[in-house]
1. Hey, quick one: spin label on residue 170, modelled 7 Å out along Cα-Cβ, who in the stretch 102-137 has an amide N within reach, i.e. under 20 Å?
2. Taking 8 Å as the Cα distance limit and 6 or more residues as the minimum spacing, I'd like the relative contact order of the chain as a percentage.
3. Would you mind pulling out the separation of the Cα centroids of the stretch 129-187 and the stretch 60-116, in Å?
4. Out of every Cα pair in the chain, what percent are spaced more than 22 Å from each other?
5. Rounded, prolate or oblate: which fits the stretch 82-165, taking a ≥ b ≥ c as square roots of the Cα gyration tensor eigenvalues, rounded meaning a/c under 1.5, else prolate when a/b beats b/c?
6. What nm value, rounded to one decimal, do you get for the distance between residue 2 and residue 143 when each label is placed 7 Å out toward the C-beta?
7. May I ask you to derive the relative contact order of the stretch 1-109, considering only C-alpha pairs under 8 Å and at least 6 residues apart, and to give it as an integer percent?
8. Using R₀ = 30 Å, calculate the FRET efficiency as 1/(1 + (r/R₀)^6) where r is the Cβ-Cβ separation of residue 9 and residue 187; round to 0.05.
């Protein structure tokens with residue numbers, strides 16, 4: 001893990017400094033402690049701090065933006081698609097019962113630093129379970145977590161449905177199922 005002092009006087013650095021957080025590693029630890037939850041506006045990463053919660057997208061976009069403000073472009077924001085199921089998330093045990101599929105491709109954001117992956121969504125260490133299920137990774141810019149991430153996710157889902165004709169669901173239907181799974185994870 002890379003660490004550096006927050007020396008920038010830009011927006012995100014100032015917001016962390018106002019909370020007594022002066023280094024990148026402290027910022028990462030702080031973010032990981034915040035509960036999982038969607039923010040009121042997907043495009044305003046400062047809400048992670050003011051609302052005291054965030055998703056994998058908003059938390060990691062905030063940290064990637066913080067790194068950029070402080071001159072560390074080697075800290076990459078990654079959108080990884082993995083096959084989500086009861087193995088990757090125990091709260092989903094039973095979710096797939098009676099369905100014509102046993103997993104759903106899910107898009108998860110995390111940081112990659114010098115080839116190593118780091119997940120500050122929470123403190124569970126779940127990334128270790130996700131990594132073997134990764135089917136695609138793409139570096140994205142923080143401002144792409146709202147629209148672009150959804151677009152690549154839906155594109156992958158549509159191609160996945162095409163490759164798996166026995167599922168016989170539309171993109172909207174599988175997206176609805178995915179939203180139900182995410183709601184279970186939020187409880």
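Read the figures in this text as sums done on the coordinates, not as results from a lab. Not measured: the values here are computed from a predicted model. Quick reminder, even Gly has a Cβ in these numbers, built from the backbone with ideal geometry, and neighbours come from all protein chains shown.
1. Of the residues in the stretch 102-137, 105 have backbone N under 20 Å from the label point off residue 170.
2. Values: 275 pairs, mean separation 41.0, N = 187.
It rounds to 22 percent for the chain.
3. 11
4. Details: 7982 of 17391 pairs.
Across the chain, Cα pairs with separations above 22 Å total 46 percent.
5. Numbers: a/c = 2.12, a/b = 1.24, b/c = 1.71.
Note, shape of the stretch 82-165 comes out oblate.
6. Reported label-point gap for residue 2 and residue 143 is 2.1 nm.
7. 21
8. Between residue 9 and residue 187 the formula returns 0.15.
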